[in-house]
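The values are calculated or read from the model by the stated rules, or taken from the named source; none is laboratory data. All values reported here derive from a predicted model rather than from experimental measurement. In this analysis, Cβ positions are derived from the backbone assuming ideal geometry, glycine residues included, and neighbour counts consider all displayed protein chains. Remember, those area values only see protein heavy atoms, side chains included, never the ligands or the DNA or RNA. Shrake-Rupley method; radii C 1.70, N 1.55, O 1.52, S 1.80 Å.
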Amino acid sequence: MTRVVLPEDSTKEISDLIDVLISLFFESLPRRDQRNWARVYLNGLVRTSGKKTIRNIAGTGASSVEQSLQQFISKSPWDWTPVRRSLARHLERTAQRPLAWVVQPMVIEKAGDRSVGVGRQFVPQLGRTANCQQAGGIWLASSEASFPVEWTLTLPGPWTSELLRRRRAGIPDTARSLTPAQDAVHAVQRMAATWQLQRRPVVMEVANADLPQTVEAFTLQDIPFVLKVDGTLPVSFGGAGRHKPGPHTAPARELIDSLRSQRRVVEWTRHGRAEGAVTLLTSAGILTTPAEDRPVPAPPTPLLLVGAWTEAALMPSEFWVTNIGDRPLAQLFLLAKLTDRVALDFTETCEPVGIRDFEGRSFRGWHHHATLASVAHAARLLSGGGSTADPMTLPTPTRYRTPVTPTPAAAVLPPRPLIPGQSARREYIR
């Protein structure tokens, strides 16, 4: 991709902001020299052209600069979690307060086999097998901007089962081999439990096989969610009430298509584009299937399945499962489309500050680099100013006007959808 070189006056403004951010986010680093090297690295991520490797960031300076940066990133034992938590809390207090926590997968293709977590694996985002690292970012996203605040690095089996490889990469004893989705769910759970952030809906794409465990994990912690699923997902519906037939099971695509007569038109503006778009939406109450590995079967969870058609499409093309029952479909759709906001900011800001560029081999180094790249991303966006509009309110589509009740300050889980089979679609279509 083309690397963006900022004008000198812009980088000076960002450098001044970085000094402020160091005092805000890096107070957990015990030594002054550590905070100084964090400043050097952050300025390098913002100002250096080309790939943001430690050698390029050190530039033509003394070799001791490169050695010190290498020590700070790959070997110094500072904890990245307090820095990420401080960044997230700061963003909650700024004009960029988020509407959702968006999980964005990140694939980093590699030529060799030494980088931590690398391996030949099938990557759904690429549609093929690749030699790569699979990571995930959790982004605080509003309609105006989005910021990565937490990262996961998926470890294929050999990286946790082979003791020598594990020791060389400095992988913690607590790290396990999970799927990218499981890593993301665990990270969200930790954020919800310990970061003291206002609870927001989690927006992410989930494979059909991972859906039961994901729903169960978020439900246990009362975390609202909007999960993008494949149209082949088998869903159960109907059967609630004495005179209701069922329950029945059908693919999500077939169930949504059977409700095409109830579609509503939504006109909206795509993130990063001036032109509008038209989408048709409908929904159905469904029941989840409990996770297969649960020792004691749990009762099915009532959820809402949302389906979308593009303006000219004959069949629905996008599907989401959610436990949010008190928002109009248009607002749920706009929440789901925050993934487009994240994808735009990833391409325009996060990649230019080098999020994929770490060439070290240690688990600690990868997370240190990802943390500093997140702060550099925030510096780039915050230095450019932000919207002063109320960040707690989703934009209302030009059609499908709906009165919106302001979100209360306290974090409250939205009510669950009606039990499938019950009436009153006005709960969703007002």
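Annotations for the structure displayed:
- Translational diffusion of segment 98-235 was estimated from the Stokes-Einstein equation, with Rh taken as the Kirkwood radius over Cα pairs; at 10 °C and 1.306 mPa s the coefficient is 99 µm²/s.
- Scaled radius of gyration (Cα, divided by 2.2 N^0.38 Å) that segment 16-140 gives: 1.24
- Here segment 164-214 exposes an accessible surface that is 47 percent carbon and sulfur, computed with a 1.4 Å probe and the other protein chains kept in place.
- P(r) weight above 22 Å for segment 140-216, C-alpha pairs, percent: 38 percent
- Check: segment 171-255 dipole with +1 on Lys, Arg Cβ and -1 on Asp, Glu Cβ, in debye: 340 debye
- Dipole check for segment 47-204: with +1 at the C-beta of Lys and Arg, -1 at the C-beta of Asp and Glu, and the Cα centre as origin, the magnitude is about 140 Debye.
- Entries of Lys52/Lys75; Lys51/Lys337; Lys12/Lys52; Lys12/Lys110; Lys52/Lys110; Lys12/Lys337 with Cα pairs more than 27 Å apart: Lys51/Lys337; Lys12/Lys110; Lys12/Lys337
- Rg/Rh ratio calculated on Cα atoms of segment 156-200 (Kirkwood radius): 1.12
- Cα centroid separation - segment 14-43 against segment 84-149, whole Å: 23 Å
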